[in-house]
1. Looking at (1) out of contact with any Lys or Arg (no Cβ under 7 Å at 6 or more places or on another chain); (2) more than 10 Å from the ligand (Cβ to nearest atom); (3) under 27 Å from Ala77 (Cα atoms), find the lone condition where Val228 falls short.
2. Can you find even one residue in region 252-261 that is surrounded by fewer than 21 Cβ atoms within 10 Å (Cβ to Cβ), among the polar types (S, T, N, Q) and modelled with pLDDT of 95 or more?
3. Can you tell me which residue in region 190-217 is farthest from the ligand (Cβ to nearest atom), limited to those that are out of contact with any helix residue (DSSP H, G or I) (no Cβ under 7 Å at 6 or more places or on another chain), closer than 20 Å to Ser31 by Cα and not in a loop (DSSP other than H, G, I, E, B)?
4. For region 211-227, indicate whether the set of residues that are over 15 Å from the mean Cα position of the chain (by Cα), touching a residue at least 60 places away in the same chain (Cβ under 8 Å) and closer than 20 Å to Gly125 by Cβ is non-empty.
5. Run down Ala160, Ala238 and say which single residue is more than 16 Å from the ligand (Cβ to nearest atom), over 26 Å from Gly69 (Cβ atoms), in contact with a strand residue (DSSP E or B) (Cβ under 7 Å, 6 or more places away or on another chain) and in contact (Cβ under 8 Å) with a residue 40 or more places away in the chain.
6. Residues in region 62-120 that are part of a loop (DSSP other than H, G, I, E, B), more than 16 Å from the ligand (Cβ to nearest atom) and under 19 Å from Tyr185 (Cβ atoms): how many?
7. Working only within region 22-33, note down all residues that are modelled with pLDDT under 95 and of a type outside the set (A, V, I, L, M, F, W, C).
8. Here is a check on your reading of the model: is Pro155 part of a loop (DSSP other than H, G, I, E, B), closer than 25 Å to Arg244 by Cβ and not small (Gly, Ala, Ser)?
Amino acid sequence: MKDTYEKALEAAQFLQSKLPEVPEILVVLGSGLGAFADTLEHPVHVDYRLIPHLPTSTVVGHYGRQVCGYSDGKCVAAMQGRFHFYEGYTLQQATFYLRVAKLLGIEKLILTNAAGGIDPSLAPGDLMLIEDHINLMAANPLQGLNDERFGPRFPDMTEAYDPSYRAIAREEAARLGIPLKSGVYAALLGPSYETPAEIRMIRAFGAHAVGMSTVPETIVARHMGMRVLGISCITNLAAGVLERPINHDDVLEVGKQVAAHFTQLLHAVIRRM
Ligand code: ADE
């Protein structure tokens, strides 16, 4: 039986044979935010189904392919669609693509997501720089035997979201006149949205926004020493903040509305990473 490291090596070797060069940065595009990938120059598309050992993406609004192309001369790979715990994958499967990215030689990661706003300062359509996270998934992708080839048994998470990347994002947002809020992202397992009582609890914990992804990916990336930037697109207000039900169509719709600002900010940040 092949272990994760050997499987990731096979997948990395496959991608190396398909891509024009090793990308410098990997961008993971959240629900409704896939349009950024279509703005990369000289794109090469790789369907997830072709990549050895990769799971397939099952969520509406996620294409399930990687687009490798250029942003101002820099080679970038963008994941149009990620893998979630609620789809039934283990967190090890859901984050396997990051093991592949690392073995391919990628050291820089931008994680984006659609999230529900908890803090009163957040409104649908806002972009929120992730300062830190709270893992409420009751699981950790590093559970199980540790493979030292990837990283240490007990990785530090003090500065999970790279301080200098955060500074770059703030500076570029200000320069472009794009409002950028900031806060703490809490990850729930999903797929049911949270209840108002859960949101009151999560607010008391110190979170500003809530979603169903990103945290396992940050943990795995930091395990391997990758540097992480996280940006949430606030697509709705979390349960109970407004007397209004939450639905996935609204999440996708708001993603489309912020696509222009979001894409502009990503290109500007990538230039300086
Ligand atoms: N993703 C987008 N909005 C969300 C919400 N309110 N709760 C959890 N995940 C979300």
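1. (1)
2. Taking every residue of region 252-261 in turn, none turns out to be surrounded by fewer than 21 Cβ atoms within 10 Å (Cβ to Cβ), among the polar types (S, T, N, Q) and modelled with pLDDT of 95 or more.
3. Val215
4. no
5. Ala160
6. Going through region 62-120, the residues part of a loop (DSSP other than H, G, I, E, B) turn out to be 62-64, 72-73, 81-84, 88-90, 95, 105-107, 118-120.
Narrowing the set further to residues that are more than 16 Å from the ligand (Cβ to nearest atom) leaves 63-64, 72-73, 88-90, 95, 105-107.
Still in the list and also under 19 Å from Tyr185 (Cβ atoms): 95.
So the answer is 1.
7. Hits for region 22-33 are Gly30, Ser31, Gly32.
8. no
The values are calculated or read from the model by the stated rules, or taken from the named source; none is laboratory data. What you are looking at is a predicted structure, and each value in this text was computed from that prediction instead of being measured. Quick reminder, even Gly has a Cβ in these numbers, built from the backbone with ideal geometry, and neighbours come from all protein chains shown.
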